[in-house]
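Trainee: Just dropping this structure here.
The values are calculated or read from the model by the stated rules, or taken from the named source; none is laboratory data. The model shown is predicted, which means the values in this text are computed figures rather than measured ones. As a convention, Cβ positions derive from the backbone with ideal geometry for all residues, glycine included, and neighbour counts pool all protein chains shown. In case anyone asks, the SASA skips ligands and DNA or RNA and just uses the protein heavy atoms, side chains included. Shrake-Rupley method; radii C 1.70, N 1.55, O 1.52, S 1.80 Å.
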Amino acid sequence: MKRATFALAAILASPLAAGCSDLIDDSASSQDNFALGDAIPGTNATNFAAAKNNFALTETQQDGLGPIFNERSCSACHGNGAIGGAGQQVERRYGTLTNGVFNGLAATGGSLRQLFGIGGFNPSPGVNCQSGTDANPAPGATIFAGRVTTPTFGLGLVELIPDGTLQGIAAAQPAAIRGIAVDNVIQLTSGPFTRGQHHVARFGWKAVHASLADFAADAYLNEMGITTTSCNAGAVVTDFATENRANRAPTNAVINGCPDDLVPGTDDDFAEEENNCAGGLTEVQDDVANFAFFMRNLAPAPRGIDNSNGRGLTEFNREGCNGCHLGTTFTVTANGRSQSFQQFSDFLVHDMGTLGDGIGNDGDSVAVTRRMRTAPLWGIRFRNGLLHDARTSDKAAAIRAHDGQGATARNAFNSATAAQQNDLMLFLSSL
């Protein structure tokens, strides 16, 4: 499954400005004139177009799709407004509590439920296979949650925010709303990251990944079922090379002795193609590299007009929304150019009380399962579903659903006058 490939230059971060001010610098930035879906300055147009096409490509069983999956292309889940946006799909998570701690029910394929299976397939003459499909509800599950797919606009800039900046934000926050910088171990050597390094995670509803290459490889495996290998200093990286199985017995373990899907073995065994990474090779599998390049060079969503004439911004700060949805202007160096942006998030996880989805890793306490990453508000006007499960499209309803460390800001909103609430809605509609 070879796609158009190109060399990826390492993008190095330079924290020229990063702070934790309670006031928002609402001046225009270099991002404001971009159309939705444009590339950031300095991006090679040919490479960006090739990566974008790969991001939108529909995968087939011949490519290794399945055996169970949620969609057939990246853009199928990331397409609101432009390729790379949020999605309409709400993926399903599940689990249970065992002795008071979270159990993702790994033996049943947990905790992500894939919606589709490829069905029957014949990998060789006389061999009849069946993918099976995930049971709904999953056997033994008592906790169920939905997660809408998130937009990827501007995430390459977010990837470059220094760890120390995010850790400093957490240290400066009042104890009542202090977030946690989640530690993540890098899996793929790509861009400024090296396998085995520790970095602050910032992507995903639970802040799972720090690197967009890891984020891409994880989604390729778990959302499309396509397994890959990569190379790191001559060693084969197999972190993303194990197929998911349907959680309905007896298909969970072995499908009648069949291979995983139409293509036996790893779907795109890049390491094998490269003579098992001979010569100390370090390189990420082609598709994953393209997906990461596209996201790293995708510009932030453009800002709209604030029809509150600045009053909504004042209200945003007065209610304390900016305690977590940080309004600081960040500046990093991407493609050799200084680029400033406001993402309205601290990229930390917070205890959200009843708003937390209850999903975690095996062994997590209930308190840990309530933690959610502060969702960035930039580009919110291009989204249809708000909150992690897209339960509402109404911004006021989303604010009122806040709990835990977001309860104080929620209460301030509820006690605001109708005029103040309207000003805040107008401001949010400009993001």
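Trainee: Kindly establish whether ARG147 is outside any loop (DSSP other than H, G, I, E, B), open to solvent by 30 Å² or more (accessible area, probe 1.4 Å) and over 30 Å from LEU281 (Cα atoms).
Mentor: Spelling it out, it is not the case that ARG147 is outside any loop (DSSP other than H, G, I, E, B), open to solvent by 30 Å² or more (accessible area, probe 1.4 Å) and over 30 Å from LEU281 (Cα atoms).
Trainee: Among the residues of segment 354-376, write down those that are crowded, with 21+ Cβ neighbours inside 10 Å and either at pLDDT below 95 or outside any helix (DSSP H, G or I) (or both).
Mentor: GLY356, ASP357, ILE359, GLY360, ARG370, ARG371, MET372, ARG373, THR374, PRO376
Trainee: Please specify each residue of segment 41-62 satisfying the condition of being open to solvent by 40 Å² or more (accessible area, probe 1.4 Å), in a loop (DSSP other than H, G, I, E, B) and touching a residue at least 60 places away in the same chain (Cβ under 8 Å).
Mentor: GLY42
Trainee: Hey, another quick one. Restricting to strands (runs of 3 or more DSSP E) lying wholly in segment 173-232: which have 2 or more residues that are crowded, with 23+ Cβ neighbours inside 10 Å?
Mentor: 228-232
Trainee: I'm trying to understand the selection: among the residues of segment 64-96, which are open to solvent by 30 Å² or more (accessible area, probe 1.4 Å) and farther than 21 Å from HIS388 by Cα?
Mentor: The answer is ARG72, and nothing else.
Trainee: Do we have any residue at all in segment 117-140 that's modelled with pLDDT of 90 or more and assigned to a loop (DSSP other than H, G, I, E, B)?
Mentor: Among the residues of segment 117-140, at least one is modelled with pLDDT of 90 or more and assigned to a loop (DSSP other than H, G, I, E, B), which makes the answer yes.
Trainee: Would segment 253-275 turn up any residue that is in a loop (DSSP other than H, G, I, E, B), at pLDDT 95 or above and surrounded by fewer than 22 Cβ atoms within 10 Å (Cβ to Cβ)? Break it down stepwise before answering.
Mentor: Applying the first criterion (in a loop (DSSP other than H, G, I, E, B)) to segment 253-275 yields 253-267, 274-275.
Okay, now just the ones that are also at pLDDT 95 or above, so 274-275.
Cutting the leftovers down to surrounded by fewer than 22 Cβ atoms within 10 Å (Cβ to Cβ) gives us 274-275.
Yes.
Trainee: A further question follows. State which residue pairs qualify: first residue among the basic types (Lys, Arg) and inside segment 71-89, second residue part of a loop (DSSP other than H, G, I, E, B) and at pLDDT below 95 in any location, beta carbons under 8 Å apart, and separation of 6 or more residues or different chains.
Mentor: Between residues of segment 71-89 that are among the basic types (Lys, Arg) and residues that are part of a loop (DSSP other than H, G, I, E, B) and at pLDDT below 95, the close pairs are ARG72/THR60; ARG72/LEU65.
Trainee: Looking at segment 283-319 only, could you name the residues that are open to solvent by 30 Å² or more (accessible area, probe 1.4 Å) and closer than 24 Å to MET352 by Cβ?
Mentor: Within segment 283-319, ASN317, ARG318 qualify.
Trainee: If you don't mind, another one. Taking PHE153 as the residue in question, decide whether it is within 27 Å of ASP389 (Cα to Cα), surrounded by 21 or more Cβ atoms within 10 Å (Cβ to Cβ) and over 21 Å from the mean Cα position of the chain (by Cα).
Mentor: For PHE153, the condition - within 27 Å of ASP389 (Cα to Cα), surrounded by 21 or more Cβ atoms within 10 Å (Cβ to Cβ) and over 21 Å from the mean Cα position of the chain (by Cα) - is not met.
Trainee: Then there's this: Return a yes/no flag: does segment 65-77 have any residue that is farther than 14 Å from LEU298 by Cβ and more than 22 Å from the chain's Cα centre (by Cα).
Mentor: Looking only at segment 65-77, we keep the residues that are farther than 14 Å from LEU298 by Cβ, and these are 65-73, 76-77.
Checking the rest, the ones that are also more than 22 Å from the chain's Cα centre (by Cα) come to 67.
Yes, segment 65-77 contains a residue that is farther than 14 Å from LEU298 by Cβ and more than 22 Å from the chain's Cα centre (by Cα).
Trainee: Which residues, taken from segment 156-172, are open to solvent by less than 20 Å² (accessible area, probe 1.4 Å) and among the acidic types (Asp, Glu)?
Mentor: Scanning segment 156-172 gives a single hit, GLU159.
Trainee: In addition: Could you check segment 325-341 and list, in sequence order, the residues that are open to solvent by 20 Å² or more (accessible area, probe 1.4 Å) and part of a loop (DSSP other than H, G, I, E, B)?
Mentor: Of everything in segment 325-341, those that are open to solvent by 20 Å² or more (accessible area, probe 1.4 Å) and part of a loop (DSSP other than H, G, I, E, B) turn out to be HIS325, THR329, ASN335, GLY336.
Trainee: Right, here's the next one. Filtering segment 407-431 down to residues that are among the aliphatic types (A, V, I, L, M) and under 29 Å from the mean Cα position of the chain (by Cα), which residue is surrounded by the most Cβ atoms within 10 Å (Cβ to Cβ)? Full working, then the answer.
Mentor: At the first step, the residues of segment 407-431 found to be among the aliphatic types (A, V, I, L, M) are 407, 409, 412, 416, 418-419, 424-426, 428, 431.
If we keep only those that are under 29 Å from the mean Cα position of the chain (by Cα) as well, we get 407, 409, 424-426, 428, 431.
Details: ALA407: 16, ALA409: 21, LEU424: 25, MET425: 17, LEU426: 18, LEU428: 23, LEU431: 21.
Residue satisfying both the conditions and the ranking: LEU424.
Trainee: Here is a further query. Kindly provide the set of residues from segment 231-252 that are over 24 Å from ASP214 (Cβ atoms), modelled with pLDDT of 65 or more and aliphatic (A, V, I, L, M), ordered by number.
Mentor: Correct list: ALA246 only.
Trainee: Can you run down the residue pairs with Cβ atoms below 8 Å, 6 or more apart or on separate chains, where the first is in segment 170-181 and in contact (Cβ under 8 Å) with a residue 12 or more places away in the chain and the partner is assigned to a loop (DSSP other than H, G, I, E, B) and open to solvent by 70 Å² or more (accessible area, probe 1.4 Å)?
Mentor: That search, which allows pairs on different chains as well, returns ALA170/ARG178.
Trainee: Let me ask something else. Failed condition for GLY109, given (1) touching a strand residue (DSSP E or B) at 6+ places or on another chain (Cβ under 9 Å); (2) open to solvent by 30 Å² or more (accessible area, probe 1.4 Å), with all others met?
Mentor: Evaluating GLY109 over (1) touching a strand residue (DSSP E or B) at 6+ places or on another chain (Cβ under 9 Å); (2) open to solvent by 30 Å² or more (accessible area, probe 1.4 Å) leaves (2) as the failure.
Trainee: Restricting attention to segment 89-110, which residues are within 17 Å of GLU223 (Cα to Cα) and among the aliphatic types (A, V, I, L, M)?
Mentor: VAL90, ALA106
Trainee: Now a separate question. With respect to ASP351, determine if the residue is of a type in the set (Asp, Glu) and either open to solvent by 30 Å² or more (accessible area, probe 1.4 Å) or more than 30 Å from ASN103 (Cα to Cα) (or both).
Mentor: yes
Trainee: Continuing with the same structure: Determine if segment 403-417 includes at least one residue that is farther than 30 Å from ASN297 by Cα, in contact (Cβ under 8 Å) with a residue 24 or more places away in the chain, among the β-branched types (Val, Ile, Thr) and in a helix (DSSP H, G or I).
Mentor: Yes, that holds for at least one residue.
Trainee: Now for a separate question. Going by the conditions given, is GLY95 part of a loop (DSSP other than H, G, I, E, B) and either under 24 Å from ASN136 (Cβ atoms) or of a type outside the set (Val, Ile, Thr) (or both)?
Mentor: No, not satisfied.
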